2 protein chains.
Amino acid sequence: MKKTGSLEALAEALRRLPGVGPKSAQRMAYHLLQHDREAASTLGHALLNAMDRIHHCSSCNTFTEIEICETCQDAQRDGTLLCVVETPSDQMMIEQTLTYKGLYFVLMGRLSPLDGIGPRDIYLERLIARATDGIVQEVVLATNFTNEGEATAHYIGEMLKARGLKVSRLARGVPVGGELEYVDAGTIARAMLDRRSA
Amino acid sequence: MKKTGSLEALAEALRRLPGVGPKSAQRMAYHLLQHDREAASTLGHALLNAMDRIHHCSSCNTFTEIEICETCQDAQRDGTLLCVVETPSDQMMIEQTLTYKGLYFVLMGRLSPLDGIGPRDIYLERLIARATDGIVQEVVLATNFTNEGEATAHYIGEMLKARGLKVSRLARGVPVGGELEYVDAGTIARAMLDRRSA
């Protein structure tokens with residue numbers, strides 16, 4: 001069988017989605033054509049629509065359709081606190097805890113020299129401009145506790161401390177509901193070092 | 001964070017791809033927005049284009065952009081042979097063997113009562129019309145050797161034999177390069193029953 005042009009182009013385009021190989025791409029293309037043409041049209045429009053409308057919030061750098069996102073515009077929030085996260089998903093997780101009422105800055109990544117991701121790729125110049133606006137007093141570093149997230153936090157922390165800002169990091173320790181027997185030694189060691197008066 | 005409308009719509013639409021759950025859909029959406037907007041636009045256009053242009057070949061039922069696909073239009077092919085396959089991928093596999101020069105009919109599925117896939121969903125009326133065009137003399141059943149594929153082959157075979165057509169099935173046996181020690185008993189049993197003079 002000679003594949004038709006549009007079908008070949010569709011399979012090629014689906015392959016560029018993260019985690020989709022040639023076999024899955026072909027399966028997806030056949031599935032859409034045979035069983036779910038409506039989903040395919042919806043996805044097509046959603047993609048073009050999203051790429052056309054979504055850009056970075058000029059304040060916190062997250063994805064938004066408006067110039068400054070709703071979170072940044074919220075007058076109820078504490079402008080003296082700025083929480084730095086890696087991704088919009090991380091921001092969402094923190095929002096769900098209902099314990100933080102300050103503003104955010106979304107890096108859209110983490111420093112990762114091995115992957116060629118340097119300070120410019122995580123918008124550090126914009127972060128510095130944002131953090132030194134004269135209103136922000138404390139920056140809470142909430143990057144992940146992976147090696148790369150820790151390195152990113154360290155790098156940003158040093159940079160902001162040099163500009164006279166108070167910098168904090170999410171506490172590390174035993175997870176809520178955690179049993180010591182099943183927690184890794186590194187976490188327990190850190191919890192011991194960071195122990196607090198009861 | 002409140003997700004913006006277009007972003008939410010994009011993640012929702014990506015979820016409808018087979019094998020993509022909510023987490024993957026969100027990861028894909030962020031990846032496209034952050035790192036590969038060009039791929040997203042390409043995919044968007046490819047989807048709309050494909051849905052707009054691709055339909056079933058009026059002769060063999062495969063996907064094509066023209067009324068009758070190139071394979072069916074090929075005058076070099078033997079019109080007395082019709083090979084029935086489940087999917088365009090199966091047809092491609094047979095084409096690659098370079099051993100078959102007849103025409104095809106693509107079911108776009110298999111009978112599967114448990115999934116609610118009956119004779120109408122695999123275009124059996126069109127297959128009968130195609131096979132009884134007066135030119136086709138032998139129908140080669142090349143559905144998969146799974147339970148559903150075998151059932152489909154049996155059902156189609158009975159139907160076509162009742163209409164006076166010669167019906168054959170791909171041979172079953174030990175795979176080329178196969179060692180008996182590692183071949184399953186069912187395959188060896190079938191190869192023994194179907195043994196041929198050497």
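Rule-based calculations on the coordinates, nothing more; no lab input. The model shown is predicted, which means the values in this text are computed figures rather than measured ones. In this analysis, Cβ positions are derived from the backbone assuming ideal geometry, glycine residues included, and neighbour counts consider all displayed protein chains.
A few comments on the model shown:
- Subtracting the Cα-Cα distance of B:Val183 and B:His55 from 0.36 nm times their residue separation leaves 42.0 nm of extension gain.
- Student exercise, segment B:75-169 dipole from Lys, Arg, Asp, Glu Cβ charges, in Debye to nearest 20: 300 debye
- Note on chain A: with a GNM built from Cα contacts shorter than 10 Å, the maximum mean-square fluctuation among A:Leu107, A:Leu170, A:Leu81 falls on A:Leu170.
- Highest GNM mean-square fluctuation among B:Val85, B:Val174, B:Val140, for chain B modelled with Cα contacts below 10 Å: B:Val174.
- Residue-wise HN-Hα couplings along segment A:182-189, as the Karplus relation 6.51 cos²θ - 1.76 cosθ + 1.60 with θ = phi - 60° gives them from phi, are 10, 9, 5, 4, x, 5, 5, 4 Hz; Gly and Pro carry x.
- For A:Asn144 and B:Thr132, the FRET efficiency from 1/(1 + (r/R0)^6), where r spans their Cβ atoms and R0 equals 56 Å, is about 0.30.
- Helical content of chain B, expressed as a calculated mean residue ellipticity at 222 nm, amounts to -13500 deg cm²/dmol (DSSP H runs of 4 or more residues, -39,500 (n - 2.57) each, divided by residue number, nearest 500).
- Net charge dipole size for segment B:6-53 [Lys, Arg +1 and Asp, Glu -1 on Cβ; Debye, nearest 20]: 160 debye
- Modelled FRET efficiency - R0 22 Å, B:Ile117 with B:Arg169, Cβ distances, 0.05 increments: 0.60
- With the simple spin-label model, which puts each label point 7 Å out from Cα in the Cβ direction, the B:Glu67 to B:Val176 separation comes to 3.9 nm.
- Counting only DSSP beta bridges with both residues in segment B:56-198, the antiparallel share comes to about 15 percent.
- Beta bridge orientation in the protein assembly as shown: antiparallel %, DSSP, nearest 5: 20 percent
- Most fluctuating residue given options B:Gln137, B:Gln91, B:Gln34, as computed from a GNM of chain B linking Cα atoms under 10 Å: B:Gln34
- Farthest toward positive dipole pole in chain B [+1 Lys/Arg, -1 Asp/Glu at C-beta], among B:Leu127, B:Pro18, B:Leu103: B:Pro18
- Using alpha carbons only, the radius of gyration of chain B set against its Kirkwood radius gives Rg/Rh = 1.08.
- Considering segment B:75-169 at the alpha-carbon level, its Rg and Dmax are found to be 12.6, 40 Å.
- Across segment B:24-34, rounded Karplus estimates of 3J(HN,Hα) from the backbone phi angles (6.51 cos²θ - 1.76 cosθ + 1.60, θ = phi - 60°) give 4, 4, 5, 4, 4, 4, 5, 4, 4, 5, 7 Hz, Gly and Pro being marked x.
- For segment A:148-157, the Karplus equation 6.51 cos²θ - 1.76 cosθ + 1.60, evaluated at θ = phi - 60°, returns couplings of 5, x, 5, 4, 4, 4, 4, 4, 5, x Hz by residue, with Gly and Pro reported as x.
- About the Cα centre, charge dipole magnitude for the protein assembly as shown (Lys/Arg +1, Asp/Glu -1 at Cβ), debye: 180 debye
- Cβ-Cβ distance of A:Glu12 and A:Ser89, R₀ of 25 Å, FRET efficiency by 1/(1 + (r/R0)^6): the value works out to about 0.30.
- Since only A:Thr62, A:Asn147, B:Met159 are under comparison, the one whose Cα sits farthest along the positive direction of the charge dipole of the protein assembly as shown, derived from C-beta charges on Lys, Arg, Asp and Glu, is A:Asn147.
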